[in-house]
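Student: Dropping a structure here in structure tokens format, bear with me for questions.
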Amino acid sequence: MKKKLIILAGMFILSQFSFSLSCLFRGYILENDKVYYESREKIQLEAADYKSFEIISSVNYSLLSKDTNNVYYQGKILENINPKTFKIIEEIKPAIRPVWGYGCGSSGYILEDKGIRYEVKEVL
């Protein structure tokens, strides 16, 4: 009986750890004068301006960024939001994190630009 419990606990820990690692590495990468967003795959952001690109720090991950022309969330351009005038009103943090403290949590931001509020949420 003890052996079965140990095996079951080991399988749980291993699955939790592998799930956590699959979501751990995501965010923006600046290399060779190009900007990439990496989640499940590494995608070059063709519209991004390398010289002015700025990753906006986050408690959880680097999902929000901007350059001279655009604001990006999860590697996608946020339409109708001006990178020079928008403000972060609130960062939405994941409610519950897995056992190891890593993993796919739903996070996001409430942004404001020209008096209009936008809520962006992480898509996994």
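Student: Can you tell which of 77, 81 is over 10 Å from the mean Cα position of the chain (by Cα), of a type in the set (A, V, I, L, M), at pLDDT 95 or above and within 12 Å of residue 109 (Cβ to Cβ)? Even if it seems obvious, please write down each step before you answer.
Tutor: Values: 77 fails: within 12 Å of residue 109 (Cβ to Cβ).
After applying the criteria, what remains is 81.
Student: Against the conditions (1) modelled with pLDDT under 90; (2) on the phi > 0 side of the Ramachandran plot, where does residue 114 fall short? Just the number, please.
Tutor: With (1) modelled with pLDDT under 90; (2) on the phi > 0 side of the Ramachandran plot applied to residue 114, the lone miss is (1).
Student: Does residue 26 qualify as being touching an Asp or Glu at 6+ places or on another chain (Cβ under 9 Å), within 22 Å of residue 94 (Cβ to Cβ), among the basic types (Lys, Arg) and modelled with pLDDT under 95?
Tutor: When the stated conditions are applied, residue 26 passes them.
The values are calculated or read from the model by the stated rules, or taken from the named source; none is laboratory data. The structure displayed is predicted, hence computed values, not measured ones. All Cβ positions, even for glycine, are placed from backbone atoms using ideal geometry, and neighbour counts span all protein chains on display.
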